[in-house]
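Have a look at the structure below, then the notes.
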Amino acid sequence: AKPMTVPDLAQARRAGRRLAMLTAYDAGFARVLDAAGVDIVLVGDSLGMVVQGHASTLPVSVDDIAYHVRAVAGGLHRALLVADLPFQADATPERALDAATRLLQAGAGMVKLEGAGPHKLAAIRFLSAREIPVSAHLGLTPQSVLRFGGYKVQGREADAADRLRVDALAVAEAGASLLVLECVPSALAAEITRVSPVPTIGIGAGPDCDGQVLVLHDMLGLDSGHRRPKFVKDFLAGGGSVAGAARAYVEAVREGRFPGPEHAYD
Ligand code: KIV
Ligand code: NA
């Protein structure tokens, strides 16, 4: 199959084809996800928790992400490789440019950064103007865990929902070409998806986003040592093998069967 490109994301949305995204951290799993038809593979800073064993994503460095991007790139033929900018790698536009350049040179096709504060929008604008595709990430942004005081659903109060609506338009205006929405009420995610100029990818954001993402370890049912959030589904249980789990996930996302109401917040 021909490789997924950044314009293909918008094309999938126009065609009404849902995007299936998963994280991976090494070549072996990347190869299996790619063969299963996963459209986007994310080297997420979740690796700080699921690979490195930390309690948050804050300890992850650009070197860590770059190491895993090189590994994952070696396993992909078709999927678009997205790499997270880790904590404070986007603190200034110049730092973001340096980190993103390294991640693209390591094999990523897009970088993702969390939030929509003034310097985040500046970083998105700075990178986009320099030919670096950017995905935004709003809602429960795990790098904000200290301010949030834990991993909690975002956008439930009217003012927080308004903020999210404004931010979703602002990141696209700044140049983002994809928007991850994490742990927001389904109705709000559906509304943002309707008005967003760019495709949305949900995780704990209900069934009406343009695509879905899960952390690989979660969709394989691995015990993370943390409380399992309700948006997680174990696809290995029904899939029988890692390849079967990946195919079952892709199919369930494409057909709109995942997430179900039991995986969503209101
Ligand atoms: O780091 C990560 O795995 C992520 C996804 C959960 C969206 O950012
Ligand atoms: Na992340």
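The values are calculated or read from the model by the stated rules, or taken from the named source; none is laboratory data. The shown structure was predicted, so the numbers you read here are calculated from the model rather than taken from an experiment. Every residue, glycine as well, gets a Cβ built from its backbone with ideal geometry; the counts of neighbours run over all protein chains shown.
Quick one: in segment 196-255, which of the residues that are within 16 Å of ligand 2 (Cβ to nearest atom) and modelled with pLDDT under 95 is farthest from L80 (Cα to Cα)?
H226
Take the residues in segment 63-86 that are within 14 Å of ligand 1 (Cβ to nearest atom), hydrophobic (A, V, I, L, M, F, W, C) and assigned to a helix (DSSP H, G or I), then tell me which one is farthest from L103 (Cα to Cα).
Only one residue tops the list, namely V72.
Please specify each residue of segment 39-85 satisfying the condition of being away from ligand 2 (no atom under 12 Å from the Cβ), small (G, A, S) and surrounded by 24 or more Cβ atoms within 10 Å (Cβ to Cβ).
Scanning segment 39-85 gives a single hit, A79.
As an exercise: evaluate Q88 against (1) crowded, with 17+ Cβ neighbours inside 10 Å; (2) at positive phi; (3) among the polar types (S, T, N, Q) and give the number of the one condition it does not meet.
Just one mismatch for Q88, condition (1).
Quick check on L113: is it surrounded by 24 or more Cβ atoms within 10 Å (Cβ to Cβ), under 19 Å from V215 (Cα atoms) and within 16 Å of ligand 2 (Cβ to nearest atom)?
Yes, satisfied.
Pairs only if they're at least six apart or on different chains, beta carbon under 6 angstrom, first in segment 132-145 and of a type in the set (V, I, T), second within 9 Å of ligand 1 (Cβ to nearest atom) and part of a strand (DSSP E or B); list them, first residue then second.
T141/E114
Can you find even one residue in segment 1-17 that is within 16 Å of ligand 2 (Cβ to nearest atom), assigned to a loop (DSSP other than H, G, I, E, B) and touching a helix residue (DSSP H, G or I) at 6+ places or on another chain (Cβ under 8 Å)?
No; the residues of segment 1-17 include none that is within 16 Å of ligand 2 (Cβ to nearest atom), assigned to a loop (DSSP other than H, G, I, E, B) and touching a helix residue (DSSP H, G or I) at 6+ places or on another chain (Cβ under 8 Å).
Conditions first: (1) touching a strand residue (DSSP E or B) at 6+ places or on another chain (Cβ under 7 Å); (2) more than 15 Å from ligand 2 (Cβ to nearest atom); (3) in a loop (DSSP other than H, G, I, E, B); (4) not charged (D, E, K, R). A108 passes all but one, so which condition is the exception?
Only one criterion is unmet by A108, namely (2).
Per-residue answers, yes or no, for (1) charged (D, E, K, R); (2) under 18 Å from S135 (Cβ atoms):
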| residue | (1), (2) |
| --- | --- |
| T5 | no, yes |
| R13 | yes, yes |
| I40 | no, yes |
| Q52 | no, no |
| H77 | no, no |
| A89 | no, yes |
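Might you check whether a residue that is crowded, with 17+ Cβ neighbours inside 10 Å, touching a residue at least 60 places away in the same chain (Cβ under 8 Å) and within 16 Å of ligand 1 (Cβ to nearest atom) occurs anywhere in segment 26-36?
Taking every residue of segment 26-36 in turn, at least one turns out to be crowded, with 17+ Cβ neighbours inside 10 Å, touching a residue at least 60 places away in the same chain (Cβ under 8 Å) and within 16 Å of ligand 1 (Cβ to nearest atom).
If only one of A129, A123 is without any contact (Cβ under 8 Å) to a residue 60 or more places away in the chain, small (G, A, S) and either within 15 Å of ligand 2 (Cβ to nearest atom) or in contact with a strand residue (DSSP E or B) (Cβ under 7 Å, 6 or more places away or on another chain) (or both), which one is it?
Being without any contact (Cβ under 8 Å) to a residue 60 or more places away in the chain, small (G, A, S) and either within 15 Å of ligand 2 (Cβ to nearest atom) or in contact with a strand residue (DSSP E or B) (Cβ under 7 Å, 6 or more places away or on another chain) (or both) holds for just one of A129, A123, which is A123.
Looking at L179, L222, can you tell me which residue is part of a loop (DSSP other than H, G, I, E, B), within 20 Å of V43 (Cβ to Cβ) and in contact (Cβ under 8 Å) with a residue 40 or more places away in the chain? Outline the logic, then answer.
Numbers: L179 fails: part of a loop (DSSP other than H, G, I, E, B).
None of the other options fit; the residue is L222.
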